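Everything below concerns the one structure shown next.
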Amino acid sequence: MKNYLEKIFNEAAQRLSYLSDIKINFDIPKIESHGDFSCNAAMMLTKKLKKNPRQIAEEIISNLKYDEDIIQKIEIAGPGFINFFFTPSFIAKVIKSILEQKENYGRVDKYKGKKANVEFVSANPTGPLTVGHGRNAVIGDTVANMLESIGYEVDREYYFNNAGRQMRVLGDSVKQRYLQLLGDKIDFPEDYYQGEYIKDIAKLFFDEHGDKLKEEKPEGKFKERAEQEIFNDIKRSLKLLGIEFNTFYNENTLFEEGKIEALLNAFKEKNLSYEKNKAVWLKFIELGGEQDKVIVKSTGEPTYRLPDIAYHITKFDRGYDLMVDVFGSDHVASYPDVLAGLKALDYDVNKIKVIIYQFVTILENGEVVKMSTRKANYVTLDELVDEVGIDVVRYFFIMRNTSSHMNFDLTLAKKQSDENPVFYLQYAHARICSIIRTVSGENIIASTRHLDLLVKEEEQQLLKKLNKYEEEILYASENFEPHRICSYLEELAAAFHKFYTFCRILGSKKKLADARLALAEATKTVLQNGLGILGVTAPERM
RNA sequence: GCCCCGGUAGCUCAGUAGGAUAGAGCAACGGUUUCCUAAACCGUAGGUCGGAGGUUCGAAUCCUCUCCGGGGUACCA
């Protein structure tokens, strides 16, 4: 519908040159009587043309050439809005496209041939995934789905680090627990990993090796096995949510392949780094930052910035047109450094999109649960999935804007899971399936031959929502805003439930029943496609 | 101190590609099942969009200041 308006405006602009000077916007008015679309062009031109906006509107309208089978009427309203009303039969045409394209409806090839990399989760293997990681995981996977739906070929990537102090502590945590199992009286250090899973891993060593590993170094078998066990656990948790990665990128690769060294040299050559107090500093001030920062510590160990930059360079080298990073808000301060470093080396940082999501606050019994993997104070993602199910978890984490803080009352979620909006959507789908089952014995066939009979208020409302789908998906995807899809689907489901209540299929005349069934099936397809992008199931029965 | 995010109905949050009378879900209250699933639908009530200025035909949306909450500000990642 919007496309058609754009078309006739472009055509009119050949006669009214001032139309090309402004960006023409078409909005869907909140109020029904204001039409299907509304345009504010006349008001935007008042200053320029020094004329009354209503006069301008009239001039614009008289220059629009349109098909009366498509547009029913055009009105000037309020201060100078131009309101467009489409014909019911044009609005109903969307059913045809939906039924023809089925699961491909809403997919566009705008970015066909482009490659995207979405990096997310990227938790180091020091413990089970928590609810906090869950938000990251679901956002990343959904964004990946959205990008695929607009044509990108997407790689899902997990970046991790299995060197460093964290991992040494992990290995030693396991060893200490192992020694305890052997009967040694040990005060387990407070700043070690306190979780039960450490004891489980220690038990594996005890069962398999008895006391033979007393002299084994913590960073040897203990660390390796812990990493392996924990990683398996992480992968299993993610798979449970339907999330799988193409690539696990080990930070260590960057060192092994000399990429860190090469990067250091590149900075040096460009005269962007210098030595001070035995450390290497990068000239961030020169790059527009607030202060210079250390990239190699006086101990010779690089700080996280160096591998992060080198890592992104590998993504550029691998030929991605778009690189998405999904970070928690605790990383806000670090990514500008990475981008500045890349920019200094002439990489096009516009290809990088950083999604920062705000933290999830978990409330249990009215109290805030402070998360810490180290202190073993957390609610795991698995526990959450156990409590409320996969669909609710996935939906819950994307139904809100990523930039919005999220409160999650566990107690409430367990109790009131029936009232979660995801069921509202799923129920709409199940209801349609039920209709199709019921109607299958009757002489009713989903047919697009008499769509012009769909003129009732509820039918038209539902049709208008269906007409919005393609645009919504594209907008949400291009702007990396998965929650918009949720809002849209809730509106669609609401429009369907109203249609269901007021427009019966059984008992209507054959032609109308056929058209209504076609409308119901089209709705089913769109619900299915939308839920599919969210990774939420569309059940046939509930 | 400085930087990022948020502050919208009792609660959780949409709306921030400037638009017409600010929305949804839950909670509260009242109604709707001889009829394709009542996990639904209809109605009532509930708001100084944190506060103050400004920009303009028009501001929840943009700018400035300010208050409150979260996160960050390392030779931690």
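The values are calculated or read from the model by the stated rules, or taken from the named source; none is laboratory data. Computed from a predicted model, the values in this text were never measured in an experiment. A quick note on method: Cβ atoms are made from the backbone with ideal geometry, for glycine too, and the neighbour counts reach across all protein chains shown. Heavy atoms of the whole protein, side chains included, go into the accessibility calculation; ligands, DNA and RNA do not. Shrake-Rupley method; radii C 1.70, N 1.55, O 1.52, S 1.80 Å.
Some notes on this structure:
- Qualifying residue in segment A:394-401 (condition: within 19 Å of residue A:482 (Cβ to Cβ) and open to solvent by 70 Å² or more (accessible area, probe 1.4 Å)): yes
- Tally of residues being open to solvent by 80 Å² or more (accessible area, probe 1.4 Å), away from RNA strand B (no atom under 14 Å from the Cβ) and in contact (Cβ under 8 Å) with a residue 12 or more places away in the chain across segment A:15-33: 2
- Residue in segment A:440-459 that is within 23 Å of the chain's Cα centre (by Cα) and among the hydroxyl-bearing types (Ser, Thr, Tyr) present: no
- For the residues A:506, A:489, the requirement of being aliphatic (A, V, I, L, M) and surrounded by fewer than 22 Cβ atoms within 10 Å (Cβ to Cβ) singles out A:506.
- Failed item, numbered, when residue A:48 is tested on (1) open to solvent by less than 80 Å² (accessible area, probe 1.4 Å); (2) in contact (Cβ under 8 Å) with a residue 24 or more places away in the chain; (3) more than 9 Å from RNA strand B (Cβ to nearest atom): (1)
- A single entry from A:65, A:73, A:96 fulfils the requirement of being away from RNA strand B (no atom under 11 Å from the Cβ), in a loop (DSSP other than H, G, I, E, B) and open to solvent by 20 Å² or more (accessible area, probe 1.4 Å): A:65.
- Within segment A:347-433, strands (runs of 3 or more DSSP E) holding 1 or more residues that are within 10 Å of RNA strand B (Cβ to nearest atom) and closer than 30 Å to residue A:266 by Cβ: A:352-357
- Neighbours by Cβ (under 8 Å, 6+ apart or cross-chain): first from segment A:281-305, of a type in the set (Gly, Ala, Ser); second open to solvent by 80 Å² or more (accessible area, probe 1.4 Å) and within 11 Å of RNA strand B (Cβ to nearest atom): A:298/A:277; A:298/A:278
- Test set (1) without any contact (Cβ under 8 Å) to a residue 40 or more places away in the chain; (2) not in a helix (DSSP H, G or I) - residue A:101 fails condition number: (2)
- Within the set A:341, A:319, the sole residue that is part of a loop (DSSP other than H, G, I, E, B) and open to solvent by less than 50 Å² (accessible area, probe 1.4 Å) turns out to be A:319.
- Taking segment A:457-542 as the region of interest, the helices (runs of 4 or more DSSP H) fully inside it that hold 2 or more residues being within 30 Å of residue A:352 (Cβ to Cβ), near RNA strand B (Cβ under 8 Å from one of its atoms) and in the same structural domain as residue A:445 (by TED's automatic domain parsing) are A:457-478, A:483-502.
- Residue-level check: of (1) under 31 Å from the mean Cα position of the chain (by Cα); (2) within 16 Å of RNA strand B (Cβ to nearest atom), residue A:193 misses just (1).
- Looking across segment A:434-456 at every residue that is assigned to a helix (DSSP H, G or I) and crowded, with 18+ Cβ neighbours inside 10 Å, the one that is farthest from RNA strand B (Cβ to nearest atom) is identified as A:451.
- Residue ID - farthest from residue A:147 (Cα to Cα), chosen from residues in segment A:263-321 that are acidic (Asp, Glu) and within 15 Å of RNA strand B (Cβ to nearest atom): A:275
- Within segment A:1-19, considering residues that are within 35 Å of the chain's Cα centre (by Cα) and polar (S, T, N, Q), the one nearest to residue A:62 (Cα to Cα): A:10
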